[in-house]
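Taking it in order: structure first as structure tokens, then the write-up.
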Amino acid sequence: MLNYIFEKIDSGIELSEEDLKYLLLIENKDELKKVFDKAYEIKEQNIGKKVWFRGIIEFSNICKKDCYYCGIRKSNKTVERYIMKEEEIIAGAEWAYKQNYGSVVLQSGERDDPIFVDFIERILKKIKELSKGELGITISLGEQTKETYQRWFDAGAHRYLLRVETSNTKLYKKLHPEDHNFEQRVNCLQLLKEVGYQVGTGVMIGLPMQTIDDLVDDILFFKKHDIDMIGMGPYIVSENTPTSELIEDFDSIKENQYMLSLKMIAAVRLFLKDVNIASTTALQALKTYGREMGLKAGANIIMPNVTDTIYRPSYQLYENKPCIDENSDLCMGCLESRILKIDEEIGLGEWGDSPHFTNKAAQKK
Ligand code: SAM
Ligand code: SF4
């Protein structure tokens, strides 16, 4: 079956749902190695032997939403809330710029009040100014109106990450309160596209009640919505959240969460080919070399944390989040050597836009 799938890929024939399901169900180590190697080959063909960095600044854990799985959900009263000062955020971006990272990501809990919208707009403009327009900016700030997306785009952001978390609407309902709405989230992806962003989405892998068929549907969802960037990672339990109560012994499923996440990265690369795929921090939370393994399975983006260390313990989306106490210099040094060790080149000073997006734009001309 695997040879047949590889032949289809080599002949440019689209993989079917059955093929994707087969890839996600592989347990045999030799077969898995072949799948990861093939995904890496496809990544190399479409992107090169390259990893792009985005320095991520998790600048606030204040959130108006209450997703049942998330450690910084509104109802979690054990969390000390913070929002970094404007100058601290700018300093983080400047540090990333000086390290020649090429891009930053600004991420936080969701807020849509006018003070917040203005605050972000101001920061985006300042980051563009300090870097003379050279630093690429991705934002991940949840569901907003088209007007807000437009203002932030005009201020300098050009990529947006908004995970749908799962494309199974029934599962989505089980993981969120009544007033959280899947259709609205999907509509936001459309608005982002209309404004002109490179649009990223993704899901959590290994959620309670999630099936392999759901994950196959997630991959088809990415295709159907013509997504440019994928950010997926394993679901990891977070204390004091309703979803964590559905899992008896997370340690016993960790290995499975990890392997399934790598298989998802590989399957997405084999199916979508030219999208950007992040090897997320959550992978490293499960395995020390998880992010490198994500790269070897077909991912091409890494998001080193450049948030000031004093704030990191309060942005605990899940347990064992790595690099909580390492400052950005240390994170940078350790990451760089780890990436060079796996024989990949770091695309320093480059925005590292999604080839899928650039290819589309070229076709339109
Ligand atoms: N608030 C914005 C949003 O939800 O789009 C951006 C920040 S939110 C913390 C970023 C992502 O964290 C979410 O899209 C979700 O997939 C992920 N996340 C939250 N809780 C998680 C958990 N327990 N395990 C793994 N990922 C989690
Ligand atoms: Fe808020 Fe995002 Fe966490 Fe949901 S996932 S509670 S929107 S920070």
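What single numbered condition from (1) within 25 Å of Ser238 (Cβ to Cβ); (2) out of contact with any helix residue (DSSP H, G or I) (no Cβ under 8 Å at 6 or more places or on another chain); (3) in contact (Cβ under 8 Å) with a residue 24 or more places away in the chain fails to hold for Tyr69?
(2)
In region 206-259, how many residues are in contact with a Gly (Cβ under 7 Å, 6 or more places away or on another chain) and within 10 Å of ligand 1 (Cβ to nearest atom)?
Looking only at that region, the number is 7.
Of the residues that sit in region 38-62 and are in contact with a Ser or Thr (Cβ under 8 Å, 6 or more places away or on another chain) and part of a loop (DSSP other than H, G, I, E, B), which one is surrounded by the most Cβ atoms within 10 Å (Cβ to Cβ)?
Filtering first and then ranking leaves Arg54.
Going by the structure shown, is Tyr235 within 16 Å of ligand 2 (Cβ to nearest atom) and aromatic (Phe, Trp, Tyr)?
yes
Of the conditions (1) closer than 24 Å to Ile57 by Cβ; (2) within 15 Å of ligand 2 (Cβ to nearest atom); (3) not polar (S, T, N, Q), Glu178 clears all except one; give me its number.
Checking Glu178 against (1) closer than 24 Å to Ile57 by Cβ; (2) within 15 Å of ligand 2 (Cβ to nearest atom); (3) not polar (S, T, N, Q), the one that fails is (1).
With respect to Leu295, determine if the residue is over 18 Å from Thr166 (Cα atoms) and either in contact with a Ser or Thr (Cβ under 8 Å, 6 or more places away or on another chain) or surrounded by fewer than 21 Cβ atoms within 10 Å (Cβ to Cβ) (or both).
In short, yes.
Which residue pairs have Cβ atoms closer than 6 Å, lie 6 or more positions apart in sequence or on different chains, and pair a first residue in region 186-202 that is within 15 Å of Val105 (Cβ to Cβ) with a second residue that is of a type in the set (Gly, Ala, Ser)?
If the second residue must be of a type in the set (Gly, Ala, Ser), the pairs left are Gln198/Ser354; Gly200/Gly231; Gly202/Gly231.
Look at Leu262 and say whether it is modelled with pLDDT of 95 or more, farther than 22 Å from Ala96 by Cβ and not in a loop (DSSP other than H, G, I, E, B). Quick ask: steps written out before the conclusion?
Working: modelled with pLDDT of 95 or more: yes; farther than 22 Å from Ala96 by Cβ: yes; not in a loop (DSSP other than H, G, I, E, B): yes.
Yes; evaluated as a whole, the condition is true for this residue.
What's the number of the condition Gly71 fails, among (1) at pLDDT 95 or above; (2) outside any loop (DSSP other than H, G, I, E, B); (3) out of contact with any strand residue (DSSP E or B) (no Cβ under 7 Å at 6 or more places or on another chain); (4) surrounded by 18 or more Cβ atoms within 10 Å (Cβ to Cβ)?
Tallying (1) at pLDDT 95 or above; (2) outside any loop (DSSP other than H, G, I, E, B); (3) out of contact with any strand residue (DSSP E or B) (no Cβ under 7 Å at 6 or more places or on another chain); (4) surrounded by 18 or more Cβ atoms within 10 Å (Cβ to Cβ), Gly71 fails exactly one: (2).
Only one of these conditions is not met by Val203: (1) among the β-branched types (Val, Ile, Thr); (2) more than 13 Å from ligand 1 (Cβ to nearest atom); (3) touching a Lys or Arg at 6+ places or on another chain (Cβ under 7 Å). Which number is it?
Unmet condition: (2).
With the structure loaded, tell me whether Leu161 is under 26 Å from Ala267 (Cβ atoms), touching a residue at least 12 places away in the same chain (Cβ under 8 Å), touching a His at 6+ places or on another chain (Cβ under 7 Å) and within 16 Å of ligand 1 (Cβ to nearest atom) or whether it fails that test. So that I can check it myself, show each step before the final result.
Numbers: under 26 Å from Ala267 (Cβ atoms): yes; touching a residue at least 12 places away in the same chain (Cβ under 8 Å): yes; touching a His at 6+ places or on another chain (Cβ under 7 Å): no; within 16 Å of ligand 1 (Cβ to nearest atom): yes.
When the stated conditions are applied, Leu161 does not pass them.
Given the options Gln198, Gln190, name the one that is within 27 Å of Lys364 (Cβ to Cβ), more than 16 Å from ligand 2 (Cβ to nearest atom) and in contact with a Phe, Trp or Tyr (Cβ under 6 Å, 6 or more places away or on another chain).
Values: Gln190 fails: in contact with a Phe, Trp or Tyr (Cβ under 6 Å, 6 or more places away or on another chain).
Only one candidate passes the filter, namely Gln198.
Whether any residue in region 120-143 is closer than 19 Å to Tyr311 by Cα, within 12 Å of ligand 1 (Cβ to nearest atom) and in a loop (DSSP other than H, G, I, E, B) is what I want to check.
Looking through region 120-143, at least one residue is closer than 19 Å to Tyr311 by Cα, within 12 Å of ligand 1 (Cβ to nearest atom) and in a loop (DSSP other than H, G, I, E, B).
What pairs come out if I take residues in region 48-66 that are closer than 20 Å to Leu335 by Cβ and pair them with residues that are charged (D, E, K, R) and more than 9 Å from ligand 2 (Cβ to nearest atom) whose C-beta lies under 6 Å away, six or more apart or interchain?
Going by the 6 Å Cβ cut-off, the qualifying pairs are Lys49/Glu344; Lys49/Glu345; Lys50/Glu345; Val51/Glu344.
Out of all the residues in region 83-94, is one or more assigned to a loop (DSSP other than H, G, I, E, B), farther than 19 Å from Ile339 by Cβ, free of Cβ contacts under 8 Å to residues at least 60 places away in the same chain and not hydroxyl-bearing (Ser, Thr, Tyr)?
So far as region 83-94 goes, yes, one or more of its residues are assigned to a loop (DSSP other than H, G, I, E, B), farther than 19 Å from Ile339 by Cβ, free of Cβ contacts under 8 Å to residues at least 60 places away in the same chain and not hydroxyl-bearing (Ser, Thr, Tyr).
Right, Gln210: closer than 20 Å to Phe59 by Cα and not in a strand (DSSP E or B) or not?
No, not satisfied.
The values are calculated or read from the model by the stated rules, or taken from the named source; none is laboratory data. Bear in mind the structure is a predicted one, so any value in this text is a computation, not a measurement. As a convention, Cβ positions derive from the backbone with ideal geometry for all residues, glycine included, and neighbour counts pool all protein chains shown.
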